[in-house]
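The values are calculated or read from the model by the stated rules, or taken from the named source; none is laboratory data. The model shown is predicted, which means the values in this text are computed figures rather than measured ones. When we count neighbours, we look across all protein chains shown, and the Cβ atoms used for this are built from the backbone with ideal geometry, even at glycine. Keep in mind that these areas ignore ligands, DNA and RNA; they rest on the heavy atoms of the full protein, side chains included. Shrake-Rupley method; radii C 1.70, N 1.55, O 1.52, S 1.80 Å.
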Amino acid sequence: MDHAADVPDVFDPRIYAAGIPHERYRLLRERHPVAWQAEPEIQGWPAGPGFWAVTRHADVVRVLRDHRTYSSWLGATQIRDPDPADLPFLRRTMLNQDPPEHGRLRRLVSRAFTPARVEAFAGRVRERARALLAAARQDAEDGTADLVRAVTDEYALLNLTDLLGVPAADRALLLEWTVRIIGYQDPDDAPAPLLGPDGTPLDPRSPALLGEMFGYARELADHKRAHPGDDVMTALAEAGLDPAELEMFFFLLTVAGNDTVRSAAPGGLLALAGAPDAYRRLADGSVPFDRAVDELLRVHPPVLSFRRTAAVDTELAGRSIRAGDKVVVFHASANHDERAFTDPGRLDLARTPNPHVSFGDGPHVCLGAHFARLQLRTFYEEWCAAMPAPELAGRPRRLVSNFINGITRLPVRVSGRPG
């Protein structure tokens, strides 16, 4: 194991409230590309056995592609170990499965999540971006607005619920569930955690705390069978899934589908606010929006880390890894690896190639990447058309999390001429 004094901590979720710890990642890439990390007790969450942090781009890609060596099924995909009693439940979702079982479920949901179905929502996505941005300008008493609350939370949520086919009256439930599940490490962003009999917090992803969401998923599927529509939940309800698989798909699509754009949209705008020359090139048409979206995803990946478990004894970057060890890849570090990106600290909206891993790699590459890119491209296009150059009007607030790269507050100037 590495000596603790030589290895910067990238586990503590509180670190990320100050921003992505790029200097710590750089030190790890340079000196300890596969580094042992301790898992102390933090904010009442119990200590864990520790894990290997993987920070170089090539090693991250290797782990994500090699499911036989680095398993999603053995210990699921969150850094903290789940309760062993919850593992069979967690393995029902394709996120926590390995091929070939993973492939069967992915093929089923892929038929529901087709590019054609996604593209059919493009006009509605654009109308929503325009309406939310116009309302933010109109409602801003002092010319500023919290972009997260005024625009991006609603934008991500309503686009997803349209695609899923969730009735308008139920949409606030999905945001509530997402905040509870994603923001659980942040005492200011999520409700106070429920405590178990031993006084430790209960995992918000445990079956005990997901009953309400699963009950809703079953009711919605029944409704879609009786009243089918051209939406993802109708397709899933008619796909022949067993009830547990359908519940877990709803959980995965609700949380991952919402929070990807919910994190990336304000994060991208924050990056543009810090690079006015790059923004001007985007706004005047010098840079294609599709390429800019990928660069903004590179510098602000929605997901910071994902865990695998070594299925066999192996070696990575010269380190011996034992079967059963946790192996955690850090997307934000890989996206700034000097071995894969020229001048990675610079926002280069025209960057090509751009092999970022913000949507993962290998068999678990993000199924909703096409829908996320559509929403992000549209959001930036509509901002450039109608809003002033991004300028902070206060201090952003970041999510306390070592998993999701969230922005929970983003005060920006919304009055003034576009440009």
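Here are the numbers for the structure shown:
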{"read-out": "Selected residue (only one of 104, 111, 124 is out of contact with any Pro (no Cβ under 8 Å at 6 or more places or on another chain), in a helix (DSSP H, G or I) and more than 30 Å from residue 242 (Cβ to Cβ))", "value": "124"}
{"read-out": "Selection count, region 10-37, where residues are out of contact with any His (no Cβ under 7 Å at 6 or more places or on another chain), of a type outside the set (Val, Ile, Thr) and over 19 Å from residue 317 (Cβ atoms)", "value": "9"}
{"read-out": "Output for region 25-65, where each listed residue is modelled with pLDDT under 95 and of a type in the set (Val, Ile, Thr)", "value": "42"}
{"read-out": "Restricting region 279-295 to residues that are open to solvent by 40 Å² or more (accessible area, probe 1.4 Å) and either of a type outside the set (Gly, Ala, Ser) or modelled with pLDDT under 95 (or both), the residue that is nearest to residue 341 (Cα to Cα)", "value": "291"}
{"read-out": "Of all residues making up region 75-105, the number that are surrounded by fewer than 19 Cβ atoms within 10 Å (Cβ to Cβ) and either at pLDDT below 85 or within 18 Å of residue 369 (Cα to Cα) (or both)", "value": "1"}
{"read-out": "Only listed residue being at pLDDT below 90 and on the phi > 0 side of the Ramachandran plot, chosen from 199, 215, 257", "value": "199"}
{"read-out": "All positions within region 318-358 that are closer than 15 Å to residue 64 by Cβ and open to solvent by 50 Å² or more (accessible area, probe 1.4 Å)", "value": "355"}
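Residue by residue, here is whether (1) under 21 Å from the mean Cα position of the chain (by Cα); (2) of a type in the set (Gly, Ala, Ser) holds:
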{"site": "63", "(1), (2)": "yes, no"}
{"site": "66", "(1), (2)": "no, no"}
{"site": "73", "(1), (2)": "yes, no"}
{"site": "80", "(1), (2)": "yes, no"}
{"site": "86", "(1), (2)": "no, no"}
{"site": "108", "(1), (2)": "no, no"}
{"site": "114", "(1), (2)": "yes, no"}
{"site": "126", "(1), (2)": "no, no"}
{"site": "135", "(1), (2)": "no, yes"}
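Matching residues to (1) of a type outside the set (A, V, I, L, M, F, W, C); (2) under 23 Å from the mean Cα position of the chain (by Cα); (3) closer than 17 Å to residue 320 by Cα; (4) open to solvent by 30 Å² or more (accessible area, probe 1.4 Å):
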{"site": "16", "(1), (2), (3), (4)": "yes, yes, no, no"}
{"site": "20", "(1), (2), (3), (4)": "no, yes, no, no"}
{"site": "23", "(1), (2), (3), (4)": "yes, yes, no, yes"}
{"site": "26", "(1), (2), (3), (4)": "yes, yes, no, yes"}
{"site": "36", "(1), (2), (3), (4)": "no, no, yes, yes"}
{"site": "42", "(1), (2), (3), (4)": "no, yes, no, no"}
{"site": "47", "(1), (2), (3), (4)": "no, no, no, yes"}
{"site": "52", "(1), (2), (3), (4)": "no, yes, yes, no"}
